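Submitted below is the structure of interest, expressed as structure tokens.
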Amino acid sequence: MAGFVADGGSAPALFPASLAAADADGSLDPAGVSAVDPAAGSAETVLASAGAAEDGPEANTTESIDEHARVHRTTEIPLPWRRHCDQAPKARLPPARGLAIVSSVQSSTALHVDLADLPGQARALLRLRGPDTERFLQGLLSADISTMKPGQSTPGALLTVKGKIISEVIVLRDEEGFALALPAEIHEAVTGDLDRHIIMDDVTLHPSTEDDFSLVWGAHGELPSSGGATVFTAIHPAPGLLVVGSAEDRRAVVQGIPAADTETFTRHRVATGTPAWGHEIRPDFFPPEVGFVAAVSYDKGCYRGQEPLSRIHSRGQVNRVMARVRARTAPADPALNAESRPSAGVWTSWAPCDGGGVEGLAILHRSVAAPGQQLRAGELAVEVTSGPLGDDPGIGKASNAPATVKLGGRR
């Protein structure tokens, strides 16, 4: 058994006591969690208003981001993401500790953002060390981390025993082991939950207060090296390269790459169909309801929350899904309605389009998640421009099983 290495402190005030302590069943109760204060371009409306859901040895040093996505095979990759991946840089491992990408970026289209500058997107780094780390994480997180190589990251989720999201996580693999990028506003409570599950495992948790995160995308070349920064291929929080390190070390890596603003980052997310924590991804929802199936493994074996997701996958579908929408202007009211369904969903992220109007992501009832479907946000006409994104279509249709699985909860 190993303990939690930290300076102390308590869960942040916005995190309810019910989530700062384990329930009797060993899980956390996400009920009542205060939503992340959303950025301009996100809905304050809780997603529960979106309509009913009846369910209730060495790394390959030239592996591209697209290959990384293929290896994990957790979801169908949208075409815009695949086009982006075809142009992505290739990570190379130096012999030194950590990872870096060398040389220089030659594309004027490359952009970067510091996640801490994006409302609700700041992350806290938690390193895990010990011989039992991989097995420990495999039993708690929804993602399969067994095939990860140094220099890769993968999205995952910490779930309740009922399969509902407690927290998004980004799993990072470097030459020394694993680390997690956690939403900054709940990282203490999530770290506490992980620590309570270290019983007979030789695992120690090491929160970092010095490291932060930048994301680079659109680079057609390679990044300048920095001895203190670590670079990972990523599909979350958006496709690109995730740079982890101190502010000084990250600046050395992204030097010469223009900084993007929140709207530009949101456009990148929308184009690649990537949900964001505090916008689409929120507590108390199944990952397939919020476009987050990339975080779920259906064949790695048991983990907390696996059984309900497996039932959904094998016997049916959830009724709530993520899709793209567009309109001539941003909505004053993000609640979406359709003639056939008064409570059709909620518009969760949006950004101006280059050609005029706005485009974004919404959580919709599956019955209205189809290209060309007309919706309204108050008096504003809204058009759905995609089918479900990041969805688990399940295998029920192949066996003529019911279209949905009723797992209780919301109506």
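Condition first: crowded, with 22+ Cβ neighbours inside 10 Å, in the same structural domain as Leu364 (by TED's automatic domain parsing) and out of contact with any Ser or Thr (no Cβ under 8 Å at 6 or more places or on another chain). Can you find one or more residues in region 293-312 that meet it?
yes
Also, I was wondering about something else. Cβ-Cβ distance below 7 Å, separation of 6 or more or different chains: which pairs start in region 120-149 with a residue that is basic (Lys, Arg) and end on one that is in a loop (DSSP other than H, G, I, E, B)?
Every condition considered, the pairs that remain are Lys149/Ala59; Lys149/Asn60.
Do we find that Arg267 is surrounded by fewer than 20 Cβ atoms within 10 Å (Cβ to Cβ), within 29 Å of Ala381 (Cα to Cα) and at pLDDT 95 or above in this structure?
It is false that Arg267 is surrounded by fewer than 20 Cβ atoms within 10 Å (Cβ to Cβ), within 29 Å of Ala381 (Cα to Cα) and at pLDDT 95 or above.
Is it the case, given these coordinates, that Val231 is at pLDDT 95 or above, farther than 25 Å from Gly360 by Cα and crowded, with 24+ Cβ neighbours inside 10 Å?
Numbers: at pLDDT 95 or above: no; farther than 25 Å from Gly360 by Cα: yes; crowded, with 24+ Cβ neighbours inside 10 Å: yes.
Against the criterion (at pLDDT 95 or above, farther than 25 Å from Gly360 by Cα and crowded, with 24+ Cβ neighbours inside 10 Å), Val231 does not qualify.
For residues in region 181-209 being surrounded by fewer than 16 Cβ atoms within 10 Å (Cβ to Cβ) and in contact with a strand residue (DSSP E or B) (Cβ under 7 Å, 6 or more places away or on another chain), which is farthest from Gln121 (Cα to Cα)?
His206
Evaluate the following for Gly192: is it more than 17 Å from the chain's Cα centre (by Cα) and part of a loop (DSSP other than H, G, I, E, B)? Give the steps one after another, and end with the answer.
Working: more than 17 Å from the chain's Cα centre (by Cα): yes; part of a loop (DSSP other than H, G, I, E, B): no.
In short, no.
A further question on this structure: Just to be sure I understand, how many residues within region 313-350 are crowded, with 22+ Cβ neighbours inside 10 Å and among the hydrophobic types (A, V, I, L, M, F, W, C)?
Counting residues in region 313-350 that are crowded, with 22+ Cβ neighbours inside 10 Å and among the hydrophobic types (A, V, I, L, M, F, W, C) gives 10.
Looking at the structure I just gave you, is Asp391 more than 24 Å from the chain's Cα centre (by Cα), at pLDDT below 95 and of a type in the set (Asp, Glu)?
No; evaluated as a whole, the condition is false for this residue.
Among the residues of region 151-174, which ones are part of a loop (DSSP other than H, G, I, E, B) and at pLDDT below 95?
Result: Gly151, single match.
To keep it simple, each residue is scored yes or no on (1) more than 14 Å from the chain's Cα centre (by Cα); (2) in the same structural domain as Ser208 (by TED's automatic domain parsing); (3) over 21 Å from Asp202 (Cα atoms).
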| site | (1), (2), (3) |
| --- | --- |
| Leu126 | yes, yes, no |
| Asp132 | yes, yes, no |
| Arg135 | yes, yes, no |
| Leu141 | no, yes, no |
| Ala157 | no, yes, yes |
| Thr160 | yes, yes, yes |
| Gly163 | yes, yes, yes |
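The values are calculated or read from the model by the stated rules, or taken from the named source; none is laboratory data. A quick note: this is a predicted structure, and the numbers were derived from the prediction, not measured. Glycine gets a Cβ as well: all are built from the backbone with ideal geometry, and neighbour counts include every protein chain shown.
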